[in-house]
């Protein structure tokens with residue numbers, strides 16, 4: 001069928017977007033599935049923003065939201081990527097996808113299983129290669145980042161953000177209360193430690209350190225208590241980092257591409 005070579009990507013957050021961009025640039029035909037209310041922090045490099053704005057472009061690659069699956073052909077004809085709201089893959093039976101990539105990176109499995117497609121790939125914890133999916137890509141920072149796993153699970157979630165200039169947990173902001181978030185200092189803004197960068201209702205959200213706002217959840221988003229809502233990067237002299245795909249995400253996307261090419265060339269059974 002016409003969609004036999006189609007690759008479905010579940011999720012369009014910043015890590016998923018790196019994979020989407022790499023595969024698109026390599027000539028693969030893609031369809032992205034998202035939730036009704038994605039909560040990406042690194043919004044400027046997350047194609048999931050197309051859910052709200054109709055379309056989103058990251059590093060020259062554009063995703064367009066579609067309301068009907070039949071509209072995917074129009075988007076492909078425009079050389080863009082169709083994004084469809086289907087968090088549970090309930091419309092999967094209507095598409096003969098050759099590959100499914102679970103790029104939700106939700107630290108658990110949201111319903112992806114091996115029989116969904118001839119070849120299935122998942123990113124990070126929550127999956128067992130050879131049982132849940134055919135291949136898992138390691139997402140933990142360190143020596144094995146981006147490694148292909150064909151049998152067994154990846155490393156468990158450490159819960160520790162990556163270190164940037166000696167800052168790890170300190171640079172990530174979590175909501176102290178539940179409520180509607182109002183942005184005061186959006187992505188790309190230079191801030192001083194203690195400066196108010198947002199409010200949740202009447203409760204101020206302070207910058208944990210001096211740096212650049214690299215991530216900020218969408219304005220007017222209803223956040224939950226303890227939810228990750230912002231990220232401050234101490235590298236004040238590198239503002240472009242706020243608007244480009246990260247080194248970690250690029251490495252993981254390379255693993256996905258390797259997995260695809262290996263099975264296409266029958267390097268693995």
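Some observations on this one:
- From the options 142, 194, 162, 188, residue that is modelled with pLDDT under 95, surrounded by fewer than 21 Cβ atoms within 10 Å (Cβ to Cβ), not assigned by TED's automatic domain parsing to the domain that holds residue 259 and not in a strand (DSSP E or B): 162
- Residues located in segment 106-139, provided they are outside any loop (DSSP other than H, G, I, E, B) and within 16 Å of the chain's Cα centre (by Cα): 121, 122, 123, 136, 137
- The listed residue being assigned by TED's automatic domain parsing to the domain that holds residue 55 and modelled with pLDDT under 90, out of 93, 150, 128, 134: 93
- Residue in segment 165-177 that is surrounded by fewer than 18 Cβ atoms within 10 Å (Cβ to Cβ), at pLDDT 95 or above and in contact with a helix residue (DSSP H, G or I) (Cβ under 9 Å, 6 or more places away or on another chain) present: no
So that you can scan it fast, the table gives a plain yes or no per residue for (1) under 22 Å from the mean Cα position of the chain (by Cα); (2) within 30 Å of residue 178 (Cα to Cα); (3) without any contact (Cβ under 8 Å) to a residue 12 or more places away in the chain:
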{"residue": "200", "(1), (2), (3)": "no, yes, no"}
{"residue": "206", "(1), (2), (3)": "no, yes, no"}
{"residue": "213", "(1), (2), (3)": "yes, yes, no"}
{"residue": "224", "(1), (2), (3)": "yes, yes, no"}
{"residue": "230", "(1), (2), (3)": "yes, yes, no"}
{"residue": "235", "(1), (2), (3)": "no, yes, no"}
{"residue": "246", "(1), (2), (3)": "yes, yes, no"}
{"residue": "249", "(1), (2), (3)": "yes, yes, no"}
{"residue": "256", "(1), (2), (3)": "yes, no, no"}
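- All positions within segment 57-84 that are without any contact (Cβ under 8 Å) to a residue 12 or more places away in the chain and surrounded by 16 or more Cβ atoms within 10 Å (Cβ to Cβ): 75
- Taken over segment 53-73, the criterion of being in contact with a helix residue (DSSP H, G or I) (Cβ under 7 Å, 6 or more places away or on another chain) and over 17 Å from residue 22 (Cβ atoms) is satisfied by 64, 65, 66, 69.
- Of the set (1) closer than 21 Å to residue 49 by Cα; (2) touching a helix residue (DSSP H, G or I) at 6+ places or on another chain (Cβ under 7 Å), all apply to residue 256 but (1).
- When the residues of segment 91-105 are filtered to those that are touching a residue at least 24 places away in the same chain (Cβ under 8 Å) and assigned to a loop (DSSP other than H, G, I, E, B), the one that is surrounded by the most Cβ atoms within 10 Å (Cβ to Cβ) is 103.
The values are calculated or read from the model by the stated rules, or taken from the named source; none is laboratory data. Just so you know, these numbers come straight off a predicted model, no measurement behind them. Cβ sites come from the backbone with ideal geometry, for glycine too, and all protein chains shown count toward neighbours.
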